[in-house]
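The values are calculated or read from the model by the stated rules, or taken from the named source; none is laboratory data. Everything numeric here is computed off the predicted structure, so don't read it as measured data. For neighbour counting, all protein chains shown are included, and Cβ atoms are generated from backbone atoms with ideal geometry for every residue, glycine included. When the accessible area is computed, the model is the full protein with side chains, heavy atoms only, and any ligands, DNA or RNA have been set aside. Shrake-Rupley method; radii C 1.70, N 1.55, O 1.52, S 1.80 Å.
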Amino acid sequence: MYSARIFGRFALVAAMLLLAACSTTPAEPEATLAPQQSQEQAQAGPTSSPEASAAPEESADPTAPAEPEEGMPPTALEAAATVMKALKNSDMESLAAWVHPDKGVRFSPYAYVDPKKDLVFTRDKLEGVMKDNTKYEWREFAGSGELIELTFAEYFKQFVYDADFAGDAEIALNKGLGQGTTVNNINEVYPKETHDFVEYHIDGIDPSVEGMDWRSLRLVFEKMGEDRALVGIVHDQWTP
C-alpha cells in the first residue's frame, strides 16, 4: 500500500516535470515565409537603397571631340568649311555674313585675279543676287576670249560650285593644289601677311578625259585682328 502511494506520487511528479518542460520549450519561429522570400529576392536581385537603385548618370565620352569654345574666333579652315557649306546649299544669306563689311567679295573665274575686271559684290547685294536676272560681264573665257556674260546664278553654277567641293575635294591651307596654264597670282593680290586662302581641289571628275576636268576653288580671307572676313572666291580649272 505504501509503495503504491509512493509510486503514484512519483508518477505525478514526473508528469508535472514533463508538462513544465513542454511549456518552457521555445516556439518554432514562423519559417514558412523565409524560403519564399529568399526565392523572390534571388529572382529580383539584391535589395538596394533608393540611392543605389536610381539609374546612374551617363558619364561623358572621353573620346568625343570637345566643342569649340563659344566666342573664340574661327581658324581659316573652320571659316572655309562654313563658307563651303553655304556655297553647296546656295545659301547667299549665310555666305553674305562672312563677306568683308567694307570691301565685299571678289569673284575670279580663273586663277589669275584681275582687280580691275573681276566683279565685287557687297553683303547686301549678295543676299538677293540669285534671283537677279541681270547679265553681268565676268571677263573672258579662257581659250576663246569671248566675253563671259552670265547672270549671277549662271556664273555660280559654272565658275563657283561646279563640282562637289564640300564632299570630294582635297583641302590645303595657303598652298596651291591645282595648276594650269593660267598664272596664279593669288599671293600678289592677297598678301600672305594679311590674308589666308583655303583651296578645295578635285583631280578630275570623268576618268575618260584623264584629269583635264580638274577643278579648284580658293576661298580668300582677310585677317581682321583675330577674326576673318571673306574677300575672294577664286575658281580655277584646266585651260587650253
(message) So, R0 is 35 Å and r is the distance between the beta-carbons of residue 97 and residue 117; what FRET efficiency does that work out to, to 0.05?
(response) 0.85
(request) Give the long-range amide H neighbours of residue 160: residues separated by 5 or more places, or on another chain, with amide H under 5 Å away, using H modelled in the peptide plane at 1.01 Å from N. (result) none
(message) Counting only protein heavy atoms and a 1.4 Å probe, tell me what percentage of region 105-182's accessible area is made up of carbon and sulfur.
(response) 45
(message) What's the magnitude of the charge dipole for region 88-240 around its Cα centre, counting Lys and Arg as +1 and Asp and Glu as -1 at the beta-carbon? Answer in Debye, nearest 20.
(response) 380
(request) Answer rounded, prolate or oblate for region 81-209, using the Cα gyration tensor with square roots of eigenvalues a ≥ b ≥ c: rounded when a/c is under 1.5, else prolate when a/b is larger than b/c, else oblate. (result) rounded
(message) Apply the a/c threshold of 1.5 to the C-alpha gyration tensor of region 180-226 and tell me whether it is rounded, prolate or oblate.
(response) oblate
(message) Net charge within 10 Å of residue 176 by Cβ-Cβ distance, Lys/Arg positive one each and Asp/Glu negative one each, not counting residue 176 itself?
(response) 0
(request) Would you calculate the separation in nanometres between label points at residue 166 and residue 132, each defined as 7 Å from the Cα along the Cα-to-beta-carbon direction? (result) 2.3
(request) Could you pull the accessible area for residue 127 with a 1.4 Å probe, rounded to 10 Å²? (result) 100
(request) Name all residues of region 161-194 having a backbone nitrogen under 17 Å from the label point set 7 Å from the Cα of residue 77 along its Cα→Cβ direction, giving them as ranges. (result) 166-177
(request) Please calculate the 1.4 Å probe accessible area of residue 228, with all protein chains present, and give it to the nearest 10 Å². (result) 50
(message) What figure, in Å² to the nearest 10, do you get for the accessible area of residue 218 with a 1.4 Å probe and non-protein molecules left out?
(response) 0
(message) 5 Å is the cut-off here: which amide hydrogens, built 1.01 Å from N in the peptide plane, fall below it relative to residue 140, excluding neighbours closer than 5 in sequence?
(response) 148
(request) Using θ = phi - 60° and the Karplus relation 6.51 cos²θ - 1.76 cosθ + 1.60, list the HN-Hα couplings for region 98-106 in order, rounded to whole Hz, with x at every Gly or Pro. (result) 8, 6, 4, x, 10, 8, x, 10, 9
(request) If a/c stays under 1.5 just call it rounded; otherwise compare a/b with b/c (prolate if a/b is bigger, oblate if not). Do that for region 133-240, with a ≥ b ≥ c from the square roots of the Cα gyration tensor eigenvalues. (result) oblate
